[in-house]
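Throughout, read-outs are computed from the coordinates displayed, never taken from laboratory work. Because the structure is predicted, anything quoted here is derived from the model rather than measured.
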Amino acid sequence: MQTPVQAEAMLGDAIKRAEEVDVAFLDSQRLEGDFSETGAKRLVSALEAMLPHFDLVGDAGKVQGELLEEGRLGPDLTRKLLYVVDAINDAVDDSILSAEMECDLETIRRDEDLTYLAGKIRRAASDRGFRRWLEEEIEEEEEERAEMMASKPAEEEDGAEALFMARM
C-alpha cells in the first residue's frame, strides 16, 4: 500500500508530465509567419473583446506574456486563440454562424491574415446568436461538470464500501 507521501509524489509527477505534454502541444500549434507587434496587438484586442463571453474576466480575460517570439505567436496568445477559434468553428458547424466565419489557422502567415482573423473574431463577439449559443454551451458544460462531481463521491463511496466489505 502506498503512503500518502508516495501518492503525493506520484501525483506531482503526473501533473508535471501533463504540463509538459500541454506545453509541447501548444508549441506545435503556435502560428508562424511574417508577423509584427501591430498585427499581434490587433488580434489580442479582438480576443480580449471575445473572452468575457466565455466568462473569462480579469487576468484570465487578458493575453499575458510575449505576443511574438521569433516570428511565432506567443504561448498565451496561441492558447486563447485556439480556444476562441474552436468555439467559432463549432458554431459554424452548428449553423449558428455563416460558413464564411470559419477560421482556418493554416492560412495565417502575415499581418493581413491576423487582421482578417481579428475581424472574424470581433464579428462573432458581436453576434447575438453566437453569444446566446455560447452561453448555452457554457451552461451545459457546467451542468455536466456538476453531475460528474456529484457522481464521483458516490462512486468513491461505493468503492470504499466494497473494499470495506471485502476485508470483512
> Could you give the length gained on full extension between R109 and S151, defined as 0.36 nm per residue of separation minus the Cα-Cα distance, in nm?
Replying inline: 10.5 nm
> Where in the chain are the DSSP H helices whose C-alpha atoms run 15 Å or more along the long axis and whose mean Kyte hydropathy is at least 0.0?
Replying inline: 37-50, 75-93
>> For log10 I(q)/I(0) by the Debye sum over Cα atoms at q = 0.10, 0.17 Å⁻¹, one of (1) -0.46, -0.91; (2) -0.53, -1.08; (3) -0.45, -1.07 was computed from the structure I shared and the rest are decoys. Which label?
In response: (2)
> Mean separation of Cα pairs under 8 Å and 6+ residues apart, divided by the residue count of the chain: what relative contact order is that in percent?
Replying inline: 25 percent
